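This report refers to the structure that appears directly beneath it.
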Amino acid sequence: MSRWDTTERQALRELTRQVTAKEVAPHVAEWERAGELPRSLHKAFAEVGLLGVSFPEEVGGGGGDAVDAAIITEELLLGGGSGGVVASLFTHGIALPHIVGAGSPYLVDRYVRPTLAGDLIGSLGVTEPGGGSDVAGITTRAVRDGDEYVVTGAKTYITSGIRADFVTTAVRTGGPGHQGISLLVIDKGLPGFTVSSPLDKMGWRASDTAELSFDEVRVPARNLVGGEGDGFVLIMKQFQSERLALATHAWAMAQRCLDLTLAWVKDRETFGRPLASRQVVRHKLAEMARQVWVAKTTTRSAYDAWLDTGDAVTEVSMAKNTACAACDHVVDEAVQLFGGLGYMRESEVERHYRDSRILRIGGGTDEIMNEVIAKRIGL
Ligand SMILES: Cc1cc2nc3c(=O)[nH]c(=O)nc-3n(C[C@H](O)[C@H](O)[C@H](O)COP(=O)(O)OP(=O)(O)OC[C@H]3O[C@@H](n4cnc5c(N)ncnc54)[C@H](O)[C@@H]3O)c2cc1C
C-alpha cells in the first residue's frame, strides 16, 4: 500500500473534505474580499485536530509527517478552498518548525503549543526590502545588550504578518555571510515594532501580507532559537518541506482547475454542440490532465525521496519547478476554456489563475531552484 493511501490517511482525507465543505468553501469569497482569515478558523481547525498535523505530540501537535500535512493541503484545494486560505491558515508550517527542532522548552511552551491550539498566529520573517533570494545577505541587525537583543531592520512580504502575534525572524547577530545569521522570535506589540497596512496583492487575497519594521526593538535573549549563528542552517533545512508544500499546493490547484474545466466543457454548448465534442478542446484537456499527472507524480516521488533518504534537495527543487510550471499552464488553459466567464471574479478558475503566479516566486524562485539543481549536478 502506498504511504498516501493508508487507512489513517484515508480517514484524514475524509475529515479534511468534510471540514472544508462546512468551514471553508462557503466562506472563501468573503475572506478573499476581507483580505484575511478570521482567527476563529484557526481554532476550528485545531479543535478537529487538523491544525497541528505533522507536528510531534510532545509539543502539542497531532503527530504524523509531511505527507499528512500534504493531504490536508490537497483536500482543501480540491474541495474549493483557496491558495490564500492554505497559505495563511498554515503559516505556522513555516514559522514553528525551527522552534520545534532547536528551540528551548520555554519557546515551545510560549509559542508552539498555543499556536497549534489555534490561540496564537505566527509568521516567518526572512525576506527584506533589499532582497529575498539571497538569504545569506540579510541586514536586519540584532545586537546583544545584557539579557536582550536590540533589533533594527525591516522584513517584507510576510504571510499572516498583519495578524501574527509573533514572528520567527532571521537577524544578523554576527559578521557577514551565512554564519552571522540567527533566528529570534519577536512578539508583536514590543516598542519599536511596527506593522504596515496590508500589502495589496495579485492573488492569495485571503492571506494577509505585511511589511514589518524594527526600530531598536528590545527582544529577550531567551527568544533566540538554538545558538547564535544557527539561523541559516535552520532556515535551509526547513526550505525542503516548504518547497514540497508549495509543489503540493501547485498540483492540487491544477487538479481542481482540471476538474472544474472538465465539468464545464461537457455542459457548455457552442454552435449547437458541447465544447467537449471538439477535438481541439479534448486535446487541451488531455494535455492539462497529462501535466497534472506529471506534477503529482513528481511531487510525490520527491516526498518519497525526502522521507526515505533525508536528502532530496535536487528532487525537491525539480518537483517545485515542475509542479508550479504545470499549474501555470493548467490555470491559464482553464481560464481560456471558460471564455469570458473565466475572466470574471465570480468564477473559481479566475481566482486560481491569479493565485498560481506566486508559487514560482515564494519559497525560492524558479531561478533559485535551478541554481540549486545546477550545483547538485556538478556545475
Ligand atoms: C505573497 C507572498 C508571500 C510571501 N511570504 C513570505 C513569508 O512569509 N516570509 C518571507 O520571509 N518571505 C515571504 N515572501 C517573499 C518571497 O520568499 C520572496 O519574494 C522570494 O524569495 C524572492 O525574493 P525577492 O522578492 O526579494 O526577489 P529577488 O531576490 O530580488 O529576485 C528578483 C528576481 O531575480 C531572480 N534572481 C535572484 N537572484 C538570482 C540569481 N543569482 N540568478 C538568477 N536569477 C536571480 C529571482 O529568481 C527573481 O526572478 C513572500 C512573497 C510573496 C509575494
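The values are calculated or read from the model by the stated rules, or taken from the named source; none is laboratory data. A quick note: this is a predicted structure, and the numbers were derived from the prediction, not measured. Glycine gets a Cβ as well: all are built from the backbone with ideal geometry, and neighbour counts include every protein chain shown. Side chains are part of the model used for accessible areas, which takes the heavy atoms of the whole protein and leaves out ligands, DNA and RNA. Shrake-Rupley method; radii C 1.70, N 1.55, O 1.52, S 1.80 Å.
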Give, as a single signed number, the net charge of other residues whose beta carbon lies under 14 Å from the beta carbon of GLY52, with Lys and Arg counted +1 and Asp and Glu -1. -4
Over the heavy atoms of GLU148, what accessible area does a 1.4 Å probe trace out, to the nearest 10 Å²? 60
Out of THR159, THR91, THR297, a Gaussian network model of the chain with alpha-carbon springs under 10 Å gives the largest mean-square fluctuation to THR297
Quick note, segment 196-274: a/c under 1.5 would make it rounded; otherwise a/b > b/c is prolate and the rest oblate (a ≥ b ≥ c, C-alpha gyration tensor); here it is oblate
Longest principal axis of the chain (C-alpha) makes with the long axis of helix 366-376 (C-alpha) an angle, in degrees to the nearest 10, of 70
Classify segment 120-169 as rounded, prolate or oblate, taking a ≥ b ≥ c as the square roots of the eigenvalues of its Cα gyration tensor: rounded when a/c is under 1.5, otherwise prolate if a/b is larger than b/c and oblate if not. oblate
Over the heavy atoms of VAL185, what accessible area does a 1.4 Å probe trace out, to the nearest 10 Å²? 0
Accessible-area ranking of THR16, THR314, largest first, probe 1.4 Å: THR314, THR16
Helix 279-309 sits off the longest principal axis of the Cα atoms of the chain, rounded to the nearest 10 on a 0 to 90 degree scale, by 30
Need one value: the accessible area of LEU341 in square angstrom, 1.4 angstrom probe, rounded to the nearest 10. 60
Can you give me the Cα centroid spacing of segment 6-84 and segment 124-162 in angstrom? 29
Residue pairs, from the table LYS320/LYS375; LYS43/LYS296; LYS155/LYS188; LYS155/LYS201; LYS155/LYS375, whose Cα atoms sit over 22 Å apart: LYS43/LYS296; LYS155/LYS375
Just subtract the alpha-carbon distance of SER197 and ASP145 from 0.36 nm times their residue separation and send over the number in nm, one decimal. 15.6 nm
Run through segment 315-362 and list the trypsin sites (Lys or Arg not before Pro) located in a DSSP loop whose Cβ has at most 11 other Cβ atoms within 10 Å. ARG345
Evaluate E = 1/(1 + (r/R0)^6) for SER104 and GLN18, where r is the Cβ-Cβ distance and R0 equals 41 Å; express this FRET efficiency to the nearest 0.05. 0.65
Testing the spin-label approximation: label points 7 Å from Cα along Cα→Cβ at ALA289 and GLU367. State their distance in nm. 3.8
Under the rule a/c < 1.5 gives rounded, and otherwise a/b versus b/c splits prolate from oblate, where does the chain land using the Cα gyration tensor? prolate
Leaving out ligands, DNA and RNA, what percent of the accessible area of segment 295-369 is carbon and sulfur, probe 1.4 Å? 53
If you fit an axis through the alpha-carbon atoms of helix 313-338 and take the longest principal axis of the Cα set of the chain, what angle between them do you get, 0 to 90°, nearest 10? 40
Picking from VAL28, ALA170, LEU120, whose Cα lies most toward the positive end of the charge dipole for the chain (charges on Cβ: Lys, Arg +1; Asp, Glu -1)? VAL28
Would you rank GLU348, GLU30 by solvent-accessible area, highest first, keeping every protein chain in place and using a 1.4 Å probe? GLU30, GLU348
Sort VAL294, VAL24 by heavy-atom solvent-accessible area, probe 1.4 angstrom, most to least. VAL294, VAL24
